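Report on one structure; see the data block that follows.
The values are calculated or read from the model by the stated rules, or taken from the named source; none is laboratory data. Keep in mind the model is a prediction, meaning the values are calculated, not measured. Don't worry about glycine lacking a Cβ; one is built from the backbone with ideal geometry, like all the others, and counts go over all protein chains shown.
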């Protein structure tokens, strides 16, 4: 299994190069299938300019065919054919619970698990978070999102035995400091990697690889 959890996608040449090595093709030859439903369902009053920037970076760094997968409009057979026709499955950010509901509602979790055993899957932000284990710290959900874990509970895909905090120390998120995450995640039973928009964490056949430098690490006994 080859899974890449990123913060903002192809923001650097290093990320492009490492993804190319993981896929086993030159970046200009990689065919990509993009899953994007979550971004469509974000509040209408929130700008989607970030999505345009992310897609521009894909076009800049990936030279093969670009396809979009619509889980609500396309049949499972068509979704499967389109996914298997790509070298890299790319799940854009948005809201992690929206993706979890999407995959459950369309009965595609088993399909995604089949795809994950044969293709490289890369998620960004919420699209990366849903690939990992859901954070279990009650204080994290209360102090970061002002809700209970049970309010936000969903069936994660669990493709990797950890998770990420994306956009770490980005200008509009600097209130969520290293000390904050160290405090609220101290009881989480698995590791959480806080990555900047220039970083990613790859999980290649059970081995963890950091891209763009070593992230901050939180969780129990860290």
Residue set 204, 192, 211, 164; condition under 18 Å from residue 98 (Cα atoms), in contact with a strand residue (DSSP E or B) (Cβ under 6 Å, 6 or more places away or on another chain) and in contact (Cβ under 8 Å) with a residue 24 or more places away in the chain; output residue 164
Taking segment 125-139 and keeping residues buried (at least 19 other Cβ atoms within 10 Å of the Cβ) and farther than 20 Å from residue 160 by Cα leaves none
Within segment 35-42, is even one residue surrounded by fewer than 21 Cβ atoms within 10 Å (Cβ to Cβ), touching a strand residue (DSSP E or B) at 6+ places or on another chain (Cβ under 9 Å), in contact (Cβ under 8 Å) with a residue 12 or more places away in the chain and under 23 Å from residue 204 (Cα atoms)? no
Would you confirm, using the coordinates I've provided, whether residue 118 is in contact (Cβ under 8 Å) with a residue 24 or more places away in the chain, in a loop (DSSP other than H, G, I, E, B) and exposed (fewer than 13 other Cβ atoms within 10 Å of the Cβ)?
yes
Residues in segment 41-50: is at least one more than 18 Å from the chain's Cα centre (by Cα), at pLDDT below 95 and in a helix (DSSP H, G or I)? yes
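Kindly indicate which of 175, 186 is more than 28 Å from residue 115 (Cα to Cα), part of a loop (DSSP other than H, G, I, E, B) and without any contact (Cβ under 8 Å) to a residue 24 or more places away in the chain. Explain how you work it out, then say what you get.
Numbers: 186 fails: without any contact (Cβ under 8 Å) to a residue 24 or more places away in the chain.
None of the other options fit; the residue is 175.
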Next on the checklist: Looking at the structure I just gave you, is residue 18 modelled with pLDDT of 90 or more, buried (at least 17 other Cβ atoms within 10 Å of the Cβ) and out of contact with any helix residue (DSSP H, G or I) (no Cβ under 9 Å at 6 or more places or on another chain)?
Outcome noted: yes
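For segment 191-222, which residues satisfy the criterion of being surrounded by fewer than 16 Cβ atoms within 10 Å (Cβ to Cβ) and part of a loop (DSSP other than H, G, I, E, B)?
198, 205, 206, 213, 214, 220, 221, 222 - these are the residues of segment 191-222 that are surrounded by fewer than 16 Cβ atoms within 10 Å (Cβ to Cβ) and part of a loop (DSSP other than H, G, I, E, B).
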